[in-house]
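Notes to accompany the following structure.
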Amino acid sequence: MTEGGHAVVPGGFHGQVAVVAGPRLLSGVTDGPGLAIHRRRWPLPPPISADDLVALTGRVDVRGRGGAAFPFSRKLATAVDAGNKRFVVVNASEGEPGSAKDSGLLLTVPHLVLDGAELVAEALQVDMIHIVVPGERTEVRPAVEAAIAERQDDGGTISYVVHQTNGGFVGGQARAVIELMSGRENLPVTSWAPEAISGFKNKPTLLSNAETYAQVAALVGLGPSEYARVGTAEEPGTTLLTVAGDGPGAVVLEVPFGVKLADVLDHCGHSVDAPVLMGGYHGAWLSSTDVIQRRVTRADLTAAGATLGAGVVLPVDREACPIDLTARIVAYLAGQSARRCGPCRNGLPALAEALDALAVGGGGTPVLERVRQMTGLLPGRGSCAHPDGTVRLVNSMLRMFPDEVNAHAYDACPRVNDPRKAVAR
Amino acid sequence: MSTPNDPFADEAPDTGAMTILPNGAPALPATGSIPVTGPMPTSPQTGHVILPATTGIPIAPAPSTSAHRLARPESPAAAAARANAERPPAPTPQNLRQSDPAKPSALRGANAKRPGKILRVDWPACKAHGLCHELLPEAVGLDEWGFPIVDRESLRGLRLDDAKRAVAACPTLALRLVDAPS
């Protein structure tokens, strides 16, 4: 099924990303993005009714791949029940710097995503699909538009609207995306009902991540038995991962659920005896012990106090200080606040400042208390989960590196090998 | 890819995407490890520093270099934390919850068929006027910036009428009474 190889595409947050050929979604990455060659690999899927698609995606428990892992069949069933005038949105906005999988998909195998979106649209009796592409990765939009043009030249009857986010970490949040589509500022607003009940134009809106649609296309194409042939019994199929996506050398790859995280890291040329930030900047730290022991499943990563999220794996240099890295990420996240919600606008900079003081070292109990005060104060008090995700990261730092945290608070950074500390001395 | 004035430029050498790529990516097995058929990357790859020093990196590390930090006897956060430690603690969901845990769940209403209600804040609309706290001090605290901390547990002790009055009083209509999530 896989010929091997990889495609190098410009969809990384900082330039090129290598999209490695994988067993399913990424099987055609070296073919080129054309429709004709795509059809040789993935024949046009037969239409499927909404009820059948709900049942099929429920049977193999397809989960949303944007980070929240919400059961796709439940979201689809909600949209089916919520009314007749519906909207379908493909969210490929990917505001997380550590993720490049959705851009990778659209730059290498766009028609698999569009196949899935059209299956869903036809099931929901919708003749228009909205696609949201990232503001930062400017190559994605023309690639998507070229793929759409190919389908329309080929007699496709579904029309498309492409929206490009204004960029930023929170620009891809579901409500921010609906704001963008509505011609308003591309920022989160308070959600009073799930999008599948009341989304775009207050109508039922099936808004899912780009990979989710590709998984749906693969599931319909392969059938449930073949789809579930790889992966684990509880989590069938494959998932896309982005390794080191926030830096040079980003790799997007597709693995069956259940592979060892250490094998993924090793495969990509990273050390396995260092902590990993799993799930992106809103994710959680994994200790080096967990890095060696854990498998790529939602259950195993949750058991380790982490999350698979959108499949972001951020390896860390062995000599780097996790407290300092956390402080720098939180400073970035504070800067990415939409600055609309008071607790986030005030609280994230306060948390960042406290973490900066912690990373510098010697702040003692007051600094630790300030960090804990802010982590207690922020969650659940915003129109999106930006403060909650940031606190998740900080809490995982406190939990995973208690000795380092205490060393910083009451003394100094124990990692004298940190290159920046060395420069300072 | 590095900017000339980036203090961390030496941390994340631009190895280029190609240097760490597997030369061949074989089909992945149903379980177990990923077999590697091609030679692995030859460049020394001792790990990766997240938040690399490339252009476009959203992190702005310049003001927090170690030299800058070490030159500062006490950071603003430490000072704030010190000052804060001398003040009474800001209300938090935790200490609010301790205020009256035994209150009955009056907000659920006398009619048992009526769904439970909770107060929700439309956060972008809230401008920290604080009237909700004035009207419902037992259930709504304020953080140090004046933004409400709604304590769901203490809501159980509220009368529905009082909650409605607070909702009506909010100058920016940022407070709403909504059905509790089932």
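The values are calculated or read from the model by the stated rules, or taken from the named source; none is laboratory data. Note that the structure is a prediction, hence the values are computed from the model and not measured. With ideal geometry, Cβ positions are generated from the backbone for all residues, glycine too; neighbour counts draw on all protein chains shown. Please note that ligands, DNA and RNA were not included when accessible areas were found on the heavy atoms of the full protein model with its side chains. Shrake-Rupley method; radii C 1.70, N 1.55, O 1.52, S 1.80 Å.
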Averaged over the residues of A:264-270, the number of partner chain Cβ atoms within 10 Å of each residue's own Cβ comes to 6
From the phi of every residue in the range A:71-85, what ³J(HN,Hα) in whole Hz does the Karplus formula 6.51 cos²θ - 1.76 cosθ + 1.60 yield, where θ is phi - 60° and glycine or proline is x? x, 5, 5, 5, 4, 5, 5, 4, 5, 5, 6, 7, x, 8, 7
With DNA, RNA and ligands ignored, accessible area of B:Ile149 (1.4 Å probe; Å², nearest 10): 0
Describe numerically, in nm with one decimal, the distance between label points set 7 Å from Cα along Cα→Cβ at B:Ala128 and at A:Glu234. 4.4
Taking R0 as 22 Å, what FRET efficiency do you get between A:Asp266 and A:Ala299 from their Cβ-Cβ distance, rounded to the nearest 0.05? 0.50
Taking amide hydrogens as modeled 1.01 Å from N in the peptide plane, which residues meet the under 5 Å criterion relative to A:Gly280, leaving out close sequence neighbours? A:Val312, A:Leu314
Looking at this model, which pairs from B:Lys117/B:Lys164; A:Lys101/A:Lys203; A:Lys85/A:Lys201; A:Lys101/A:Lys201 are more than 20 angstrom apart at the alpha-carbon? A:Lys101/A:Lys203; A:Lys101/A:Lys201
Candidates A:Thr238, A:Thr138, A:Thr157, ranked by Gaussian network fluctuation over chain A, Cα under 10 Å, top entry: A:Thr157
Among A:Val126, A:Val113, A:Val144, which one moves the most in a GNM of chain A with springs linking Cα atoms closer than 10 Å? A:Val126
Taking all pairs of different Cα atoms in the range A:248-393, averaging 1/r and flipping that mean, what Kirkwood radius in angstroms comes out? 16.1
Rounded to the nearest 10 degrees, the helix A:50-59 long axis (Cα) sits at an angle to the longest Cα principal axis of chain A of 40
At a Förster radius of 30 Å, what calculated FRET efficiency corresponds to the Cβ-Cβ distance of B:Arg159 and A:Ala193, to the nearest 0.05? 0.65
Once the piece of chain linking B:Ala180 and B:Trp145 is laid out straight, how much longer is it, given 0.36 nm per residue of separation minus the C-alpha distance between them? 9.9 nm
Segment A:Phe70-A:Ala412, extension gain: residue separation times 0.36 nm, minus the distance between their alpha carbons: 118.9 nm
So what's the net charge close to A:Glu185: Lys and Arg +1, Asp and Glu -1, counting the other residues with Cβ under 13 Å from its Cβ? +3
For the pair A:Lys85/A:Arg40, report the inter-label distance in nm, with labels modelled 7 Å from Cα in the Cβ direction. 4.5
A:Thr242: net charge of surrounding residues, Cβ under 12 Å, Lys/Arg +1, Asp/Glu -1, itself excluded? -4
For A:Thr307, other-chain or 5+-apart residues with amide H closer than 5 Å (H placed, Pro excluded) are A:Ala284
Here the whole-number average of other chain Cβ atoms within 10 Å per Cβ of A:320-326 is 2
Helix A:386-400: inclination vs chain A longest Cα principal axis, degrees, rounded to 10, gives 50
Divide by every residue of chain A the summed helix terms, -39500 (n - 2.57) for each DSSP H run of at least 4, and state the resulting mean residue ellipticity at 222 nm, rounded to the nearest 500 deg cm²/dmol. -13000 deg cm²/dmol
